[in-house]
Amino acid sequence: MCGRFAAFSPNEVYAEHFHAISRVASNPRYNVAPSQPILAVREQENGERELIPLRWGLIPSWAKDSQIGYRTINARAETVAEKPAFRHAFKKQRCLIPADGFYEWKPEKAGKQPYFIHRKDHQPLGFAGLWEHWEGEEGVIESCTIIVTTANEALRDIHDRMPVILSPTHYDTWLNPNNQDPKQLQALLKPLSANRLEAYPVSTAVNSPRNDSADLLHRQA
């Protein structure tokens, strides 16, 4: 799964990388947790991409209340097209989640050791995501989920799952709401090549979502 990530690049960097118009100002985030607002890129009907805030934890339009969002922070690539919570969004409400890296925890004798994982070239990551529009007693909530797949060989020793990180060459295919070819979309949901990522141990301070500073990225001996 993907339960924590970092998104600390300026909005201008994300806007340029994803060719999107920024609709919101945001601060650097080093320990993004579920149920919090996160940045997402989606395509409008006119083809324009926008960078907007969404709540992390997808709430399907048919849900009776928003509590389902705590169980839908991730969608499995293998079943995302069929699961009732995700199949509508998979057809035409796909998005990208900008990030600079993500965390996973490796079981060890002394406890779980967190690792920070990022691109070796330090370029932004584009997680494959889905978004939904929900209206209820709490008002209107737009939310999202991050799609996860099997870990590549570099990360398998840390965790068996990882977020789907799309290549920039696939952004157009993924974001286009008129593209509803399930085979073409499913083919994109593969683990990123292992040689593009680096993983290193970081402090267990990341375990608490209350901690959110650049110190969390420091490599541990």
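Taking Cα centre as origin and charging only the Cβ of basic (Lys, Arg, +1) and acidic (Asp, Glu, -1) residues, the dipole magnitude of segment 84-124 rounds to 300 debye.
From helices alone, the chain scores -2500 deg cm²/dmol at 222 nm; the rule is -39500 (n - 2.57) for each run of n ≥ 4 DSSP H residues, then divide by the residue total.
How high is the relative contact order of segment 132-221, in percent, with contacts defined as C-alpha pairs under 8 Å that are six or more residues apart? The partial results should precede the final answer.
Values: 84 pairs, mean separation 20.3, N = 90.
Relative contact order here is 23 percent.
Taken about its Cα centre, the chain carries a charge dipole of about 620 debye when Lys and Arg each add +1 at the Cβ and Asp and Glu each add -1 at the Cβ.
Taking the Cα centre of segment 133-185 as reference, the dipole from Cβ charges on Lys and Arg (+1) and Asp and Glu (-1) amounts to some 320 debye. By the scheme Lys and Arg +1, Asp and Glu -1, what is the net charge of all other residues having a beta-carbon under 15 Å from that of P201? Net charge in that neighbourhood comes out at 0. Dividing the mean sequence gap of close Cα pairs (under 8 Å, 6+ apart) by how many residues the chain holds gives a relative contact order of 23 percent.
Please give the length that would be gained between E108 and T150 if that part of the chain were fully extended, namely 0.36 nm times their separation in residues minus their C-alpha to C-alpha distance (nm, one decimal).
Numbers: separation 42, 0.36 × 42 = 15.12 nm, distance 2.06 nm.
Length gained between E108 and T150: 13.1 nm.
Close lysine pairs were tallied over the chain: pairs 8 or more places apart or on different chains with Cα atoms under 28 Å apart number 16. Dipole of segment 5-217 computed with +1 at Lys/Arg Cβ and -1 at Asp/Glu Cβ about the Cα centre; of N179, P114, T169, farthest Cα towards the positive end is P114.
Taking the Cα atoms of the chain, the ratio Rg/Rh between the radius of gyration and the Kirkwood radius comes to 0.94. Applying the criteria of a DSSP loop state and at most 15 other Cβ atoms within 10 Å to the trypsin sites (Lys or Arg not before Pro) of segment 1-46 yields R23. Close amide H partners of A7, meaning residues 5 or more places away or on another chain with modelled amide H under 5 Å apart, are R29, Y30, N31, V32, D100.
For segment 1-79, which GluC sites (Glu not before Pro) pass both filters: DSSP loop (anything but H, G, I, E, B) and at most 11 other C-beta atoms within 10 Å?
Details: sites: E12, E16, E43, E45, E48, E50, E78; in loops: E45, E48, E78.
Within segment 1-79, the qualifying GluC sites (Glu not before Pro) (loop, at most 11 other Cβ atoms within 10 Å) are E45, E48.
Taking 0.36 nm per residue of sequence separation and removing the Cα-Cα distance, the A221/S203 pair yields an extension gain of 5.5 nm.
Values in this text are rule-based calculations from the coordinates and carry no lab data. All of these numbers come straight from a predicted model, not from anything done at the bench. Here the Cβ is made from the backbone with ideal geometry for all residues, glycine too, and neighbour counts use every protein chain on show.
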